[in-house]
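Shown next, in structure tokens, is the structure this report addresses.
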Amino acid sequence: MSPPIVRFAPSPTGRIHIGNARTALMNFLFARKHHGQFILRFDDTDVERSKEEYAQAIEVDLAWLGIHPDLIFRQSQRVPFYHAATEKLRAAGRLYPCYETAEELDRRRKRQQARGQPPIYDRAALALTAEERARLEAEGRRPHWRFKLDHQIVRWNDLVRGESHIDCASLSDPILLREDSTYLYTLPSVVDDIEFKSSHVIRGEDHVTNTAVQIQLFEALAGPEAIPGFGHHNLLVSASGEGLSKRSGALSIAALRDSGIESLALAAFAILTGTSDSVHPVASLDALAEALDLSHVSRNQARFDPDELAGLSARTLHQMPYEAVRDRLSMHDISGYKAEAFWLAVRGNLSVFLDVVDWWRVVEGEIVSIVEDPEFLEQARALLPQEPWDAGTWARWTEALKARTGRKGKVLFHPLRLALTGREAGPELAALLPLIGRLNSEARLSARSASSHPGP
Ligand code: GLU
């Protein structure tokens, strides 16, 4: 395949949610896999609802996911090109003015339905004479403009759904321009895909019907060579089966990030869920790009299960190498000669990355030891080997303690964990002990719990 050019085209009317991120990632990783380009296009022709702050927030969210576009542009800056395309369609007789109000159209649709007919626009406006149009305009009516479809079957080979077709005779001629001369999404998208040479349009299956219309627009504006490939992925729905919306903030990328979800896990979840592949942790976006295969995307809805994502995020941390987190650790003052061994010791116990702060305190800082059996701990303290300590120290020390006290298993190990870490459970003590060091260990083993030793 020659290097593809793809685009992600959100309208900046809210923060993006995980469903939008899925579309963005499919495009971005498709480009990455085939050494192509990824364009971020803001579909902001709806000036009422589009906001610059949302556009900026979307860029931030994408960057957090590791998505850095090769090019970013806004449709609001390209209106003259849309006007030119409109002129071309008008000159070719493919664009016609319509004067029906929304209420009139609604009445007509109801009448068609009552007669058992499909609610398709009847092209009444095409039959208007010049005088009739002039009279309507004199009444103060402003036209909206419809694209005259060829009543033919449009076919394409969908990257996800395979051979697809839509009979355009079953569709209403789509409105391209509103009464106030603003554009609906359909035409600007095609004009931009032509101009920026989109090779593939990968988007949600809610756009399947638009595809037939847009293929006719590509043909009318630039000929059949301009028609890109199309791939329509299944949509992500909430656990209860509802569609996701930009207004439901809880599933926004920002909210998931703030709850501690790893961006790499979110990406893996987005790409693998709702496909025939298993949802598993990946080591990098490149590895995920390799795993991406749009033909594996299911025709059924993809379900978003927050627990599954949280579990994947934890498993992603559990296998992350130190190099991948070095900078993030040092932002929490976790650095120096112990940092790498610390990461390798604790990563398997993390639910979210920030748990490291707590474990670093166990290694380096003040903790409240839990002392249940002071005499035993005193024996343990007395047997602490001399430094230097290494991964074998724990085994040597507990062997000696076992020989001295006759204890084994949980009664041997658990009081040591409670005293040394102040926690019921956690990483392997063999790995933690050398990090805690002799000085800290001695102090914690000799700590007196308030209940057993009231103190001076
Ligand atoms: N702005 C459209 C959307 O968010 C873009 C669809 C497309 O990719 O063509 O649904």
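Counting neighbouring beta carbons within 10 Å and listing from fewest to most, the residues THR182, THR316, THR23 come out as THR182, THR23, THR316.
Could you tell me which of rounded, prolate or oblate describes segment 30-79, using a ≥ b ≥ c as the square roots of the eigenvalues of the alpha-carbon gyration tensor, with rounded for a/c under 1.5 and, failing that, prolate when a/b is larger than b/c and oblate otherwise? Since a/c reaches 1.5 but b/c is at least a/b, the shape of segment 30-79 is classed as oblate. This ranking places VAL346, VAL160 by how few other beta-carbon atoms lie within 10 Å of each, fewest first, which gives VAL160, VAL346.
Once C-alpha pairs closer than 8 Å and six or more residues apart are averaged by separation and normalised to the residue number of segment 243-330, the relative contact order reads 30 percent. Using a/c under 1.5 as the rounded threshold, could you call the chain rounded, prolate or oblate? The axes a ≥ b ≥ c are square roots of the C-alpha gyration tensor eigenvalues, and prolate needs a/b larger than b/c, oblate otherwise. Note, shape of the chain comes out prolate.
Here segment 75-151 and segment 304-333 have alpha carbon centers that stand 54 Å from each other. Relative contact order of segment 303-435: 29 percent, from C-alpha pairs under 8 Å at least 6 residues apart in sequence. Between ASN300 and VAL208, the distance separating the two model label sites (each 7 Å from Cα on the Cα→Cβ line) works out to 1.6 nm.
Relative contact order for the chain using alpha-carbon pairs under 8 Å, separation at least 6, rounded to a whole percent?
Normalised by residue count, the contact order of the chain is 14 percent.
Dipole check for segment 257-325: with +1 at the C-beta of Lys and Arg, -1 at the C-beta of Asp and Glu, and the Cα centre as origin, the magnitude is about 180 Debye. Each Lys or Arg adds one and each Asp or Glu takes one away; over the other residues whose Cβ falls under 15 Å from the Cβ of VAL279, this sums to -3. Distance between the 7 Å Cα→Cβ label points at SER335 and GLN113: 6.5 nm.
Placing +1 on the Cβ of every Lys and Arg and -1 on the Cβ of every Asp and Glu, with no other charges, gives segment 352-398 a dipole of roughly 160 debye about its Cα centre.
Using 0.36 nm per residue and subtracting the Cα-Cα separation, the extra length available between GLU53 and ARG135 on full extension is 25.1 nm. Placing a label point 7 Å from the Cα of ARG178 along the Cα-to-Cβ line, the residues of segment 18-45 whose backbone N sits under 11 Å from it are 45. For segment 195-211 and segment 243-296, what is the centre-to-centre distance using only Cα atoms, to the nearest Å? Cα centres, segment 195-211 to segment 243-296: 21 Å.
Beta bridges per DSSP, both residues in the chain: antiparallel share near 50 percent. Residue exposure proxy: LEU439, LEU105, ordered by other Cβ atoms within 10 angstrom of their Cβ from fewest to most, comes out as LEU439, LEU105.
Just so you know, all these numbers are worked out from the coordinates, no wet-lab data involved. These numbers come from a predicted model, not from an experiment. All Cβ positions, glycine included, derive from the backbone under ideal geometry; neighbour counts span all protein chains shown.
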